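Note sheet for the following structure.
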Amino acid sequence: MPAQFPEFRLGKVLATSFTATLTERRGDALERIPTPSRLVDWLAVSGLAVESCTAAQHERARELRESIHAAATAAALGEPLPASAVAVINDYSAQGRAAAVLTPEGNRQWRLSSASSVEDALGVIAADAISIIAGERDGRLALCASPTCQAAFFDTSRSRSRRWCDMGTCGNREKKARFNAHKQEVRASAKQS
Ligand SMILES: [Zn+2]
């Protein structure tokens, strides 16, 4: 993979892995699929390999991504879903013609109608978003506790108490900040005594 592109943050949930291709939305936003070819890379590692992607398809992918982000955020907050986001998600879901197929080993794979059908891949992602926003799957939509992130993520922990979209990044950063604050407090109180 070319070193100049930021790495992907891949989770277990397709729809929120997709929205995580734009991170730090409330801080210095980082676009992880800045080019059509980078979207092709992301689709490949997400089980939705396509041969190519046009600039227009790349644009549509980002439109779907932002609509999923808006609807998932509203759902996590218990607010009404934005009608425009719902319309976009539904459109993409309806346009996709991917078929779920079983491998001989018994795994589910997606078969796209053609090798260049980014629309089919987006349809799968839209349907995945619908299933988590509709509350069909075992888990809870929540917002990342990091103030510069606030990404919607799908919490499947048993206690439903996960606080960060990603432990390795947002979670770690918060822990370090708390640890440093604690160290400073200890130092300050040592000076006083
Ligand atoms: Zn986060």
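The values are calculated or read from the model by the stated rules, or taken from the named source; none is laboratory data. Worth saying up front: this structure is predicted, and the values here are computed from it rather than measured. Here Cβ is always computed from backbone atoms with ideal geometry, including for glycine, and neighbour counts include all displayed protein chains. Keep in mind that these areas ignore ligands, DNA and RNA; they rest on the heavy atoms of the full protein, side chains included. Shrake-Rupley method; radii C 1.70, N 1.55, O 1.52, S 1.80 Å.
Figures for the structure shown
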item	result
Among the candidates 52, 114, residue that is in contact with an Asp or Glu (Cβ under 9 Å, 6 or more places away or on another chain), open to solvent by less than 70 Å² (accessible area, probe 1.4 Å) and among the small types (Gly, Ala, Ser)	114
Residue within segment 20-37 that is without any contact (Cβ under 8 Å) to a residue 60 or more places away in the chain, open to solvent by 40 Å² or more (accessible area, probe 1.4 Å), more than 12 Å from the chain's Cα centre (by Cα) and under 19 Å from residue 154 (Cα atoms) present	no
Any hit, segment 124-141, residues being farther than 30 Å from residue 95 by Cα, of a type outside the set (Lys, Arg) and either within 15 Å of the ligand (Cβ to nearest atom) or open to solvent by less than 60 Å² (accessible area, probe 1.4 Å) (or both)	no
Residues of segment 145-174 classified as open to solvent by 30 Å² or more (accessible area, probe 1.4 Å), free of Cβ contacts under 8 Å to residues at least 60 places away in the same chain and near the ligand (Cβ under 10 Å from one of its atoms), total	5
Filter pass, residue 181 being aliphatic (A, V, I, L, M), within 11 Å of the ligand (Cβ to nearest atom) and either closer than 27 Å to residue 27 by Cα or open to solvent by 40 Å² or more (accessible area, probe 1.4 Å) (or both)	no
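Let's see how each residue does on (1) hydrophobic (A, V, I, L, M, F, W, C); (2) modelled with pLDDT of 95 or more:
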residue	(1), (2)
12	no, no
17	no, yes
20	yes, yes
37	no, yes
66	no, yes
